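The values are calculated or read from the model by the stated rules, or taken from the named source; none is laboratory data. No experiment lies behind these values; they were computed from the predicted model shown. Here the Cβ positions follow ideal geometry from the backbone for every residue, glycine too, while neighbour counts run over all protein chains shown.
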Amino acid sequence: MTTLTTPTAPVRWRPRPSVRAAVARRILKAVVRRVPVDVRLPDGSAFSADSRAGQPVLELVRPEALVRRIADNPKIGIGEGYMAGDWRAPEGTDLASVLRPFAERMTTAIPPALTRMRRVVDRPIPRRERNSLWGSRRNIEAHYDLSNDLFAAFLDETMSYSAAMFDESRPFAAQDLAEAQRRKIAAVLDLANVRAGSRVLEIGTGWGALAVEAARRGAHVTTVTLSREQAELAAERVREAGLAGSVDIRLQDYREVTGAYDAVVSVEMIEAVGEEYWPTYFAVLDRLLAPGGIAAVQAIVMAHDRYLTTRRSHGWIQKHIFPGGLIPSLRAISEVTDRHTSLKMDRVHAFGLHYGETLRRWRHTFDEAWPAVSELGFDETFRRKWEFYLAYCEAGFDAGYLDVAQLRFSRPAAGGVR
């Protein structure tokens, strides 16, 4: 008799909860010894690496619950602990100020010996978050279709949900956010050489601010999004601007776009594409650009070594805010475009500190608007989630762990000179 066997996938070893908890405790103790934050326990006692007056305070409310969350997943447990109220920034302490010292020491807070143990506690990226044609729609809807009223509550009048660009000759805090957003939009349109008569493709519509400004220059704009809520409000704003004849808003995946365009513009869209689809994303830009065309991409980026460290594991931002997303490095972008397209990245303008200020404005406005936001049906857990999200990102940009840049891509002219 012949016995048939069915091949099975290899089983990924999962350590016992007690092992994970022990690792989590060692990591927590090591981090606290290296980061200048006072950690206050429920009994009022505190410990820190080097307690100094004015040092930010992290107050533990339920230490054991937080340890269990970190043991289950250290990259997700800290954020979920904040969402659940296991820890907090006490009265008089700004949350971003608590998170900033950790962001500044992201690469040094954990000793190398413990860093090598991350494979014991890291979780892989769930396959359900892949940005296939169907998966992308689900991932985008999970964030951008929450509620237009939610985003309107904390964004400025332009409804721009990306880094503003402030005037560096003046203090950022004294400047108007809407003016800084318009400066950013003008900069990316200038980078793509958008002018009267230009055929422009925008990948990622947002709520229509860039499309409106491009149309005001006399361009013919096609803009695509997967968010139905965004598309509806963007169409309304385009009509109000009297530009409906110049802007075509499509509920469409960027991979499905056809035609030829003088400029392709995409602002903070690549972070949602997913590493698996970066070659496709840039190949689409290459395919859609007419001869002599220019692509301008605004991208959140990180150092290449950090990108390599994070690319295979699942973090809090991916689980709770942007499923399927991954932040690239400039080197990764350059390597992908060199390998898969005829495009060359020939200009880079980085302005990461501008994003820290942008996020600070959003977070404070969100907090002030919370009574109105809560009436939309969002609960206290959602409030803490978004408070942590905005503060976590703000700290990352202020510390230089994250950066944002406007990138220009073009095809080298014959002979390699442009």
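Take the range 186-227 and flag every residue that is farther than 22 Å from A260 by Cα and part of a helix (DSSP H, G or I).
A186, A187, A209, listed by residue number.
Restricting to the range 249-298, name every residue that is surrounded by 23 or more Cβ atoms within 10 Å (Cβ to Cβ), small (G, A, S) and under 25 Å from Y161 (Cβ atoms).
Within the range 249-298, A263, S266, G274, A295, A296 meet the criteria.
Take T365 and decide whether it is in contact (Cβ under 8 Å) with a residue 40 or more places away in the chain, in contact with a Phe, Trp or Tyr (Cβ under 6 Å, 6 or more places away or on another chain) and either assigned by TED's automatic domain parsing to the domain that holds V336 or polar (S, T, N, Q) (or both).
Details: in contact (Cβ under 8 Å) with a residue 40 or more places away in the chain: yes; in contact with a Phe, Trp or Tyr (Cβ under 6 Å, 6 or more places away or on another chain): yes; either assigned by TED's automatic domain parsing to the domain that holds V336 or polar (S, T, N, Q) (or both): yes.
Taking the combined requirement at face value, the residue satisfies it.
Determine whether the range 131-142 contains at least one residue that is modelled with pLDDT of 95 or more, surrounded by fewer than 20 Cβ atoms within 10 Å (Cβ to Cβ) and out of contact with any helix residue (DSSP H, G or I) (no Cβ under 7 Å at 6 or more places or on another chain).
Let us first name the residues in the range 131-142 that are modelled with pLDDT of 95 or more, namely none.
No, the conditions are met nowhere in the range 131-142.
Out of (1) surrounded by fewer than 16 Cβ atoms within 10 Å (Cβ to Cβ); (2) in contact (Cβ under 8 Å) with a residue 12 or more places away in the chain; (3) more than 27 Å from S313 (Cα to Cα), the odd one out for G85 is which?
If we test G85 against (1) surrounded by fewer than 16 Cβ atoms within 10 Å (Cβ to Cβ); (2) in contact (Cβ under 8 Å) with a residue 12 or more places away in the chain; (3) more than 27 Å from S313 (Cα to Cα), just (3) comes out false.
Any residue in the range 318-340 that is buried (at least 17 other Cβ atoms within 10 Å of the Cβ), polar (S, T, N, Q), under 19 Å from the mean Cα position of the chain (by Cα) and modelled with pLDDT of 95 or more?
Looking through the range 318-340, at least one residue is buried (at least 17 other Cβ atoms within 10 Å of the Cβ), polar (S, T, N, Q), under 19 Å from the mean Cα position of the chain (by Cα) and modelled with pLDDT of 95 or more.
Rundown of residues vs (1) without any contact (Cβ under 8 Å) to a residue 24 or more places away in the chain; (2) of a type outside the set (A, V, I, L, M); (3) touching a Gly at 6+ places or on another chain (Cβ under 8 Å), yes/no style:
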position: Y277; (1), (2), (3): no, yes, no
position: I294; (1), (2), (3): no, no, no
position: H304; (1), (2), (3): no, yes, no
position: Q318; (1), (2), (3): no, yes, yes
position: L330; (1), (2), (3): no, no, no
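With the requirement that a residue be assigned to a loop (DSSP other than H, G, I, E, B) and buried (at least 23 other Cβ atoms within 10 Å of the Cβ), what does the range 163-185 give you? Before the answer, list the steps.
As a first pass, look at the range 163-185 and keep what is assigned to a loop (DSSP other than H, G, I, E, B): 163-171, 175-176.
If the condition is that a residue be assigned to a loop (DSSP other than H, G, I, E, B) and buried (at least 23 other Cβ atoms within 10 Å of the Cβ), then A163, A164, M165, F166 are the ones that fit.
Yes or no, residue by residue, for (1) closer than 26 Å to R360 by Cβ; (2) assigned by TED's automatic domain parsing to the domain that holds V267; (3) modelled with pLDDT under 95:
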{"residue": "G377", "(1), (2), (3)": "no, yes, yes"}
{"residue": "F388", "(1), (2), (3)": "yes, yes, no"}
{"residue": "C393", "(1), (2), (3)": "yes, yes, no"}
{"residue": "D403", "(1), (2), (3)": "yes, yes, no"}
{"residue": "Q406", "(1), (2), (3)": "yes, yes, no"}
{"residue": "R418", "(1), (2), (3)": "no, no, yes"}
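I need the full set of residues from the range 187-202 which are closer than 19 Å to A299 by Cα, surrounded by fewer than 24 Cβ atoms within 10 Å (Cβ to Cβ) and of a type in the set (D, E, K, R), in order please.
Of everything in the range 187-202, just one residue is closer than 19 Å to A299 by Cα, surrounded by fewer than 24 Cβ atoms within 10 Å (Cβ to Cβ) and of a type in the set (D, E, K, R), namely D190.
Output the number of the condition that V221 fails; it satisfies all remaining conditions of (1) closer than 15 Å to I294 by Cα; (2) touching a residue at least 40 places away in the same chain (Cβ under 8 Å).
(2)
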